[in-house]
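The values are calculated or read from the model by the stated rules, or taken from the named source; none is laboratory data. Quantities reported herein were computed from a predicted structural model and do not represent experimental measurements. A quick note on method: Cβ atoms are made from the backbone with ideal geometry, for glycine too, and the neighbour counts reach across all protein chains shown. We work out accessible area using only protein heavy atoms, side chains counted, and drop any ligands, DNA or RNA first. Shrake-Rupley method; radii C 1.70, N 1.55, O 1.52, S 1.80 Å.
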Amino acid sequence: MKKLFAIAIILASLTFALTACTESGDGNDNPGSNPDTNRNIASENPGTPAAPEPPDSGNNGGNETPVSNFDTSRNVTIIAREDGSGTKSAFMEIIGLKGKADPTDVIIQTGTAGVLTEVKGNPAAIAYESLGFTTDEVKILKVDGADATVANIKSGTYKISRPLSVVYKEATINDGINKAFFAFLQSSDAQEIISEEGYISIIDNADAYTIDGSLSGEIDISGSTSLQPLMIELASAFENLQPNVSVNVSGGGSGTGYKNANDDVSAFGMISENFNIDNAPLCTFYEVAKDGIAVIVNKSNPLDDISMEELKNIYDEDVTTTAKWSDLIK
């Protein structure tokens, strides 16, 4: 009898222990006790109030780095293109600094790739680059409230834009293959490519290109690295239409484009600024397309809009006080 009583007590104790374990769950009621199960319980228990959303820190352009982590006390790191760059020449002229030297603390980058790499890796950087060649790895700022869009560039609302042109001698386009390529640049075929590549076509209702099966030979084009990517696409399309013609496209900057066209090194020179006859006195020009110049910052930067006056102050060598991001981010 005593044994039966003892067994009953043991069974009752086991039943109580099992009931307690079942009601307490698997131990996850203690927040953080199991990192694999941390979640918003309110989504599973309708009666439980949801955890409050974190405060909105503003538009950071889809960046992984929260805006609240951006150090506005840092000096602005000024990035500029190399001398001879059409992008640089056009940008400095548009913001009112034509012919002026760079600030003493500027970082010079040669070519578009160098500029984009610097801005992508430096949270304090600001730079300018061809809109048609700017990637989503950086953030494009509004200028005086206007977005850098095709529509705004065409209307003039976005003020920082420039022509992309080819420089050539009049006699050059008397040659059969050069004349044909020049006609292609003005065709509807070319205008479609210009628009597809993100540049601004300047010819409406252009005629389609007419293929000439008798053409053969090579065309050399050199100069602006801003126009170069578009020209490569145009050259490739022309070669598809005229398979016996090869078009060789190389860079070197607008200064190279002027010189090579003037000195007969290339049939066409590429420039990314307003044509200056002093740079190629034997030449004339044709505007292939328009391009915006984007003002870019690191994607972690909370700034969305900058004024022309602020840009001028940043890039003016005579302004001796180094700008801080707190001067721009209000």
- Step through the residues of region 85-90 one at a time and calculate ³J(HN,Hα) from phi using the Karplus curve (6.51 cos²θ - 1.76 cosθ + 1.60, θ = phi - 60°), rounding each to whole Hz and writing x for Gly and Pro. 6, x, 4, 5, 4, 5
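Net charge near residue 164, counting Lys/Arg +1 and Asp/Glu -1 over other residues with Cβ under 13 Å of its Cβ? Before the final figure, lay out the partial values.
On the way: positive: 162, 290; negative: 197, 233, 273, 287, 291.
Combined, the nearby Lys, Arg, Asp and Glu give -3.
Taking the mean number of other Cβ atoms within 10 Å as a proxy for protection, how do you rank 212-223, 118-129 from highest to lowest?
On the way: 212-223: 16.9, 118-129: 21.1.
Ranked from most to least packed, the peptides come out as 118-129, 212-223.
Which order, highest average first, do 191-201, 168-178 follow once you tally other Cβ atoms within 10 Å for each residue and take the mean per peptide?
Numbers: 191-201: 18.2, 168-178: 15.9.
Ranked by mean Cβ neighbours within 10 Å, highest first: 191-201, 168-178.
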- Order of exposure, largest accessible area first, which applies to 320, 149 with probe 1.4 Å: 320, 149
- Expressed in nm to one decimal, what extension gain is obtained for the pair residue 264 and residue 100 from 0.36 nm per residue of sequence separation less their Cα-Cα distance? 56.0 nm
- Note on the structure: In the neighbourhood of residue 142 defined by beta carbon distances under 15 Å, the net charge of the other residues (Lys, Arg +1; Asp, Glu -1) is -3
- Item | Cα coordinate range in region 163-291, projected on the principal axes (Å, largest first) | 36, 30, 21
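Taking only protein heavy atoms and a 1.4 Å probe, what accessible area per residue, in Å², does region 163-291 have with all protein chains in place?
Accessible surface, normalised per residue, equals 43 Å².
Under a point-charge model restricted to the Cβ atoms of Lys and Arg (+1) and Asp and Glu (-1), what is the dipole moment magnitude of region 80-194 relative to its Cα centre, in debye to the nearest 20? Kindly include the intermediate steps, with their values, before the conclusion.
Details: 12 positive and 15 negative charges, 56 e Å.
Dipole of region 80-194, to the nearest 20 debye: 280 debye.
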